[in-house]
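Here's the structure, in structure tokens; my notes come after.
FYI, it's all coordinate maths here, none of it is from the lab. Quantities reported herein were computed from a predicted structural model and do not represent experimental measurements. Positions of Cβ are generated from backbone atoms using ideal geometry, with glycine treated the same way; all protein chains shown enter the neighbour counts.
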Amino acid sequence: MSDGATSKQVVENYWEVHFARDWESMATFFGPETHYTDVGLDATGATGPEEIIARLRLGIEPLEGYVHFPGNTIAEGSIVVTEHVEQWRFHTGEVIDHPFASVMEVDGSTITRWHDYSHLGNLLDQAPSWWIEHIANGWRQD
């Protein structure tokens, strides 16, 4: 169990490497039981560093630019809620400002649960068709 200040610092440190798309450093924030889901999109989500990074890479690795505009952050105990906007820049010229509320639970230095809430229609209505086709293939390699 973490206190709010510690939890908030872990999440802030995570966002720094996340928006740098430093996949290896990102993975170090997750334990084997950490669960990530994009609420409204993922039926089951991803569990553990390998699956979480594969899931994130699917959507954001192809972006030409990926910029973070942090908003409010609230931390209480082990729970951190971040209101933020991600700007997705595609090599085909599309630019999408996509708002999120991210809810993370932290234990020590590990993010143990992460649920993202966003208006998916905002992203899917504006994203280029090549990207939609790319993500439709999914991240799982079953």
Under a point spin-label approximation (7 Å from Cα along Cα-to-Cβ), what is the Gln87-Glu64 distance to one decimal in nm? 1.4
Helical mean residue ellipticity (222 nm; -39500 (n - 2.57) per DSSP H run of 4+; nearest 500) of the chain: -10000 deg cm²/dmol
Scale the Cα Rg of the range 1-127 by the rule-of-thumb value 2.2 N^0.38 Å and send over the ratio, two decimals. 1.01
Explain nothing, just the number: relative contact order of the range 4-136, from Cα pairs under 8 Å at least 6 residues apart, as a whole percent. 26
Mind giving me the FRET efficiency for Val95 and Ala27? R0 is 41 Å, r the Cβ-Cβ distance, nearest 0.05 is fine. 0.90
